[in-house]
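Heads up: the structure comes next, in structure tokens.
The values are calculated or read from the model by the stated rules, or taken from the named source; none is laboratory data. Note that the coordinates shown come from a computational prediction; the quantities given were computed from them, not determined experimentally. Because the Cβ atoms are built from the backbone with ideal geometry, glycine has one as well, and the counts that use them run over all protein chains shown. Ligands, DNA and RNA are stripped out before the accessible areas are found, and what is left, the full protein with its side chains, is counted by its heavy atoms. Shrake-Rupley method; radii C 1.70, N 1.55, O 1.52, S 1.80 Å.
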Amino acid sequence: MKRWISLLLVLAMILPLAACNKENGNEDQKTETTEEENVDQTETDDTESTSDGKGKIGIVTGTVSQGEEEFRAGEKWTKELGDRVIHVTYPDKFAQEQETTIANMKSLAADKDVKAMIIVQAVPGTAAGIDAVREMRPDMLIIAGAPHDDPEVIASRADICLDLDQYQRGVDIIDTAKDMGAETFIHYSFPRHMSYVLLAARRDELQKRAEEVGMDFYEVDAPDPTGDAGISGAQQFVLEDAPRQVEKYGENTAFFSTNCSMQEPLIKAVLEEGAIFPEQCCPSPYHAYPGALGIKIPQDKAGDIEYLNDQIKEAVAEKGGTGRFATWKYPANVLMIDAGVAYAEQFINGDVEAQDIKAMEDILEKETDGDVKINLMDDLDNFILLTISSQTF
């Protein structure tokens, strides 16, 4: 009996100590786990923010069907900078679906890590989209390329605007066509485009210069690709109409269209008819030429402009079009996106303010190896106009 009592006393002494040790062990484990959770949470937070602690860049372009060149440029930057670039598109029928464009711009602004937005082309809806973004993010850098709104409208909203010098192009395109032997010039467009100040100004300059050099100038109304006929309707129109114009005015007829989606069928038709094609609406070796000529660019030649130019020359020569097709040496709208990204990087790093025009001009010079002429729009000190040298295939 005494033995059992002694054993119970010993157990009574041991159990509290064991319980105490167990609690202490749990407490130690709890503290250790909490520290690990804090470390994991910190790492998660770093992962959720941008790479290297830098801000993100939003790029807004058209789709492949309405603006493949800009789309591919945006796609390229998502590959090069990874999750530091967010690329969204506006709809093909952007004139009727402006709310979608605005919503997509607002979705970029909703990401607090997005510090800059580059829009090429700045289609209808962009101005209202910028207003909405400014309400959410007044600190956002916004660069608008190839804007469709009146210059004063977009320049009062974007920090920097980039566009082709349409006034100078009106002279240059006619001179290029004249050098190729053109006697007649056909200008395809539609009322919506002719309501844009710069496109209408270019048309006027084209007509004026044509008269100066003794070239006949004709305007031809084409279907609006954003209208009921859609892109396919507009493309079919130029495929059928270009041969009619050549039959009427002869092979020394030069053709020009103001719309991106019309370029590929127009190049095909003009080449087939033996006529002249001095430049696309958005001049670039990449714009419509590869598709129209069936050129496949190998992966290892992606971005190699010299390779592409050689391929275009060969394809044009095979069809007997040598000396009658041309474009700029550097892709225009791609330049706007590339320069925009370079400027955005400097802005995010704190190297430039939102509206440093000299810094942007320096970037444009660097991107084109100095082959760019720059002017500022009259009375708009943040609206840069540019042209690049032409090349004949």
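Summary of computed values
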quantity	calculated
From I348, I357, I337, residue being more than 23 Å from Q263 (Cβ to Cβ), in contact with a Gly (Cβ under 9 Å, 6 or more places away or on another chain) and open to solvent by less than 50 Å² (accessible area, probe 1.4 Å)	I348
Conditions (1) in contact with a strand residue (DSSP E or B) (Cβ under 6 Å, 6 or more places away or on another chain); (2) closer than 30 Å to N309 by Cα; number of the one not met by M377	(2)
Filter result (of a type outside the set (S, T, N, Q), assigned to a loop (DSSP other than H, G, I, E, B) and surrounded by fewer than 16 Cβ atoms within 10 Å (Cβ to Cβ)) within region 180-199	G181
Residues of region 64-103 satisfying the condition of being under 15 Å from I337 (Cα atoms) and polar (S, T, N, Q)	T78, T89
Identity of the residue in region 57-84, in contact with a His (Cβ under 6 Å, 6 or more places away or on another chain) and part of a helix (DSSP H, G or I), that ends up modelled with the lowest pLDDT	E69
Whichever residue in region 243-266 is among the small types (G, A, S) and open to solvent by less than 20 Å² (accessible area, probe 1.4 Å) and, among such residues, is nearest to P278 (Cα to Cα)	A254
Wholly enclosed helices (runs of 4 or more DSSP H) of region 287-362 bearing at least 3 residues farther than 27 Å from P265 by Cα	332-348
Test for A288: is it crowded, with 22+ Cβ neighbours inside 10 Å and aliphatic (A, V, I, L, M)	yes
Single residue of K329, K268, K313 found to be basic (K, R) and at pLDDT below 95	K329
P147 without any contact (Cβ under 8 Å) to a residue 60 or more places away in the chain, of a type outside the set (K, R) and either in contact with a Pro (Cβ under 6 Å, 6 or more places away or on another chain) or surrounded by fewer than 20 Cβ atoms within 10 Å (Cβ to Cβ) (or both)	no
Test set (1) touching a helix residue (DSSP H, G or I) at 6+ places or on another chain (Cβ under 8 Å); (2) farther than 12 Å from T61 by Cα - Q96 fails condition number	(1)
Test: residue in region 371-393 that is assigned to a loop (DSSP other than H, G, I, E, B), within 28 Å of A275 (Cβ to Cβ), open to solvent by less than 30 Å² (accessible area, probe 1.4 Å) and among the aromatic types (F, W, Y)	yes
Subset tally (residues that are free of Cβ contacts under 8 Å to residues at least 12 places away in the same chain and either open to solvent by less than 20 Å² (accessible area, probe 1.4 Å) or of a type in the set (A, V, I, L, M, F, W, C) (or both)) for region 84-142	1
Unmet criterion (only one of (1) part of a loop (DSSP other than H, G, I, E, B); (2) open to solvent by 30 Å² or more (accessible area, probe 1.4 Å); (3) among the charged types (D, E, K, R)) for E240	(1)
